[in-house]
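To start, the structure itself, in C-alpha cells.
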Amino acid sequence: MQSKSRIVGSSTAAKVFVVFAAALLPLSISVLSNRKSKPGLDQRSSSGFLATGNTGQQQAAPSAQSASDPTAWGSNHIGKPIPEYVHGDECLFCHRNNIGTTWQKNAHGVTVRQGEDAPELQAIVRQQPALASVATQIEYFLGSRHRVRFLKKDGYGKFALLNTQAVLGPEAKVDKWIDVDKLSWDKERFGNRCAGCHSTAVDSTAKTFTAFGLDCYACHGDVTLEHTKDTSLMWLSKKRRDDARAITSICAQCHLRFGKSRSTGLPYPNNFIAGDNLFQDYEVDFARADDENLNPGDRHILRNVRDVVLRGQQAITCLTCHQVHANSTAKHSAATRGTICADCHGTKFTLEMKPYAVHSSLCEY
Ligand code: HEC
Ligand code: HEC
Ligand code: HEC
Ligand code: HEC
Ligand code: HEC
Ligand code: HEC
C-alpha cells in the first residue's frame, strides 16, 4: 500500500481549513433541477442496430464476441482495513475553485444531506402534520430528485431509516406521501441495504460508514498528496488513461443496483476502492441487460458494463457520455453511434424520445 501524508499537519492549518470549509458548505443546493419527463426509449432489442457512420469502434453483433472472465484482472481489498483516506473537506480546501463551486449542487454531493444543508426538505417535513411526532428526530435526508427518505443517527457510522417516503414531482414539490400514517424507525435497514452506495467507506462487517453521503474517495480512491505534482497518480485525472474496466468498476460499484457481494451477501460491494476489480466480489446477473422491461436508466448502464467487462469493449465507458462534476451528458451526442445509442434512441436512431421512469426495488422507489 502507498503511504501518504495528511495535509492538516498543524493546528493552524486545521483552523484555516475549518474556516474555509464553513465558507464552502452553505452554498445553495436548491438549484438541483428536478427533471419532469424522462426521455424515452425504444423497447426494441439493440442487437439489430445498424450503426450509421460506424467507425468499427463498436461491433454490431454482440453474440459474435467472446465472453471473458470478468474476475480475471486486477485485485481487491476484501478483508483489508478501510484506509485512512484524505477527506472531501480537505480536497475541497485545495479544489475549491474548480470543484467546490459545483459540488453542493451535484447529485452525488447531495445524495445524503444534513438537515441544515437542506432547508427545502426541512420545509416539507414541517408542512406534513402527520410527521409532527418525528419531525425533531429527523436529522438527515436521503435523495432529492425522485424521492426523499428520512434518517437519524443511531450510533457511530449508523443511521436509522424512517419507513415513510416523500414522492417528489416537478419543482421538487411533494406529489404524495407513502406510509406517512405508520411511522417507524428501522435501525438495521440502512446498514444492511443502503450504506454501501449512499455513504462512504463502509465496513461491511460492522455495517458502519466513515462519512455519510458520497465523499471524493468513492470515485477518486485512496488519494496520495503526491498527485499535486503528478496528476497521473490520481484516478480519473485528465492525464490518466485508465483501463476501461477499472473506470467502469468505479461507477458500477453503485450503479449496478442488482448485484450481491459474494463475501458478505449484502447488496453492495465489500470494501471496494477505486482501482479494484469490482467483479471479483460483486456478482451481477448480466443476462438482465437483455430484459426489455428494465428501465432505460438502469439498462443502458448494465449493457455498457457488460460490453466493457465481458466483451472487452474499451472505447465507450460512462465517461464517454457523462461529466460527473458538470452534471452533464452533453458530450454524449458527439459519441460514435453504435448499439448503445439504441437503448434510448431506437434501432433506427431518432431524436424523438418517449418519457421513461427509473425504478429500483433495491432503492424502494
Ligand atoms: C448498489 C448501490 C445502491 C444501494 C445498495 C442502494 N442504492 Fe439507492 N441509489 C443508488 C443509485 C446509483 C441511485 C441513483 C440512480 C439513478 O438516478 O438512476 C440511487 C437512488 C436512490 C434514491 C433516489 C434519490 C433521488 O434523488 O430521487 C433513493 C430514495 C434511494 N436510492 C434510496 C435507497 C435506499 C432507501 C436504499 C436501501 C434500502 C438504497 N437506496 C440502496 C444506488 C444504491
Ligand atoms: C494540498 C492541496 C490539494 C489537496 C488536499 C488535494 N489536491 Fe488534488 N490537486 C492539487 C493540485 C495542485 C493539483 C494539480 C493541479 C490541478 O490540476 O489542479 C491537483 C490535481 C488533482 C486532480 C487532477 C486534475 C486534472 O488535471 O486532471 C484530481 C482529480 C484531484 N486533484 C482530486 C483530488 C481529490 C479527490 C482530493 C482529496 C482526496 C485532492 N485532490 C486533494 C491539490 C490538492
Ligand atoms: C458511491 C456510489 C456512487 C458512485 C461510485 C457513483 N455514483 Fe453516480 N450516483 C450515485 C447516487 C446515490 C446517485 C443519486 C443521487 C441522488 O439523487 O440522491 C447517483 C446519480 C448519478 C447520475 C444522475 C445524476 C443526475 O443529475 O441526473 C449520473 C449520471 C451518475 N450518477 C453517473 C455516475 C458515474 C459516471 C460514475 C462513475 C464516474 C458514478 N456515477 C459513480 C451513486 C454513485
Ligand atoms: C452512450 C452514452 C452513455 C453511456 C456510455 C452511459 N450513459 Fe448514462 N446516460 C446517458 C444519457 C444521454 C442519459 C440521459 C440523461 C437525461 O436524462 O437527460 C443517461 C442517464 C444516466 C443516468 C440517470 C438515469 C436516471 O434518469 O435516473 C445514470 C445514473 C447514468 N446514466 C449512469 C451511467 C453509468 C454509471 C454509465 C457507465 C456504466 C453510463 N451511464 C453510461 C448516456 C450514456
Ligand atoms: C461520482 C464520482 C465522483 C466523485 C464522488 C467525485 N469525483 Fe471528481 N471526478 C470524477 C470524474 C468522472 C472526473 C473526470 C471529469 C468529469 O467527468 O467531470 C473527475 C474529475 C475531477 C477533477 C479534475 C477536474 C477536471 O477539470 O477534470 C478534480 C479536481 C476532482 N474530480 C475533484 C473531486 C473532489 C474534490 C471530489 C469530492 C468533493 C470529487 N472529485 C468527487 C468523478 C467523481
Ligand atoms: C440513456 C439514454 C441515452 C443514450 C444511451 C443515448 N442518448 Fe442521446 N439523448 C438522450 C436524451 C435524453 C437526449 C435529449 C436530452 C439531452 O441532450 O440530454 C439525447 C439527445 C441526443 C442528441 C441531440 C443532442 C442535441 O444537442 O440536441 C444526439 C445527437 C444524441 N442524443 C446522440 C446519441 C448518440 C450518438 C448516442 C450513442 C453513442 C446516444 N445519443 C445515446 C438519451 C440517450
Tabulated pairs, region 197-222, first under 22 Å from residue 236 (Cα atoms) and within 13 Å of ligand 5 (Cβ to nearest atom), second small (Gly, Ala, Ser) and not in a loop (DSSP other than H, G, I, E, B), C-beta under 6 angstrom, 6+ apart or interchain: 200/211; 200/218; 215/88; 216/88
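Please enumerate the residues belonging to region 238-256 that are within 16 Å of ligand 6 (Cβ to nearest atom) and either surrounded by fewer than 18 Cβ atoms within 10 Å (Cβ to Cβ) or not in a loop (DSSP other than H, G, I, E, B) (or both).
At the first step, the residues of region 238-256 found to be within 16 Å of ligand 6 (Cβ to nearest atom) are 244, 248, 251-252, 255-256.
244, 248, 251, 252, 255 - these are the residues of region 238-256 that are within 16 Å of ligand 6 (Cβ to nearest atom) and either surrounded by fewer than 18 Cβ atoms within 10 Å (Cβ to Cβ) or not in a loop (DSSP other than H, G, I, E, B) (or both).
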Near pairs, Cβ below 6 angstrom, 6+ apart or cross-chain, from region 301-327 (on the phi > 0 side of the Ramachandran plot and more than 14 Å from ligand 5 (Cβ to nearest atom)) to any residue that is assigned to a loop (DSSP other than H, G, I, E, B) and among the hydroxyl-bearing types (Ser, Thr, Tyr): 312/68
In region 209-233, the residues that are under 19 Å from the mean Cα position of the chain (by Cα) and over 27 Å from residue 298 (Cα atoms): 210, 222, 223
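Inspect all residues belonging to region 189-201 and state whether any of them is within 16 Å of ligand 6 (Cβ to nearest atom), closer than 27 Å to residue 141 by Cβ and hydrophobic (A, V, I, L, M, F, W, C).
Step one: filter region 189-201 for residues within 16 Å of ligand 6 (Cβ to nearest atom), giving none.
The answer is no, given that none of the residues of region 189-201 is within 16 Å of ligand 6 (Cβ to nearest atom), closer than 27 Å to residue 141 by Cβ and hydrophobic (A, V, I, L, M, F, W, C).
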Residues within region 97-128 that are within 16 Å of ligand 2 (Cβ to nearest atom) and assigned to a helix (DSSP H, G or I), tallied: 7
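Suppose we filter 182, 239 for residues that are at pLDDT below 95, within 15 Å of ligand 5 (Cβ to nearest atom) and at negative phi; which single one remains?
Numbers: 182 fails: within 15 Å of ligand 5 (Cβ to nearest atom).
Every option except 239 fails the conditions.
So how many residues does region 92-107 have that are closer than 26 Å to residue 151 by Cα and either among the small types (Gly, Ala, Ser) or out of contact with any helix residue (DSSP H, G or I) (no Cβ under 8 Å at 6 or more places or on another chain) (or both)?
Filtering region 92-107 for residues closer than 26 Å to residue 151 by Cα gives 92, 100, 102-107.
Filter again for either among the small types (Gly, Ala, Ser) or out of contact with any helix residue (DSSP H, G or I) (no Cβ under 8 Å at 6 or more places or on another chain) (or both), leaving 100, 102, 105-107.
So the answer is 5.
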Residue, surrounded by the most Cβ atoms within 10 Å (Cβ to Cβ), within region 176-202, restricted to residues that are more than 18 Å from residue 213 (Cα to Cα) and within 12 Å of ligand 1 (Cβ to nearest atom): 186
Any strands (runs of 3 or more DSSP E) falling wholly within region 129-237 and containing at least 2 residues that are of a type in the set (S, T, N, Q): 159-168
Selected residue (criterion: nearest to residue 190 (Cα to Cα)) from residues of region 126-145 that are surrounded by 19 or more Cβ atoms within 10 Å (Cβ to Cβ) and within 16 Å of ligand 3 (Cβ to nearest atom): 142
Qualifying residue in region 152-167 (condition: touching a strand residue (DSSP E or B) at 6+ places or on another chain (Cβ under 6 Å), closer than 15 Å to residue 363 by Cβ and surrounded by fewer than 19 Cβ atoms within 10 Å (Cβ to Cβ)): yes
The lone exception for residue 155 - which of (1) within 24 Å of residue 202 (Cα to Cα); (2) among the small types (Gly, Ala, Ser); (3) under 23 Å from the mean Cα position of the chain (by Cα) it fails: (3)
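Of a type outside the set (Ser, Thr, Tyr) and modelled with pLDDT under 95: does that describe residue 105?
Against the criterion (of a type outside the set (Ser, Thr, Tyr) and modelled with pLDDT under 95), residue 105 qualifies.
The values are calculated or read from the model by the stated rules, or taken from the named source; none is laboratory data. Every value quoted in this text rests on a predicted model; they were computed, and no experiment measured them. So basically every Cβ, Gly included, is an ideal-geometry build from the backbone, and we count neighbours across all protein chains shown.
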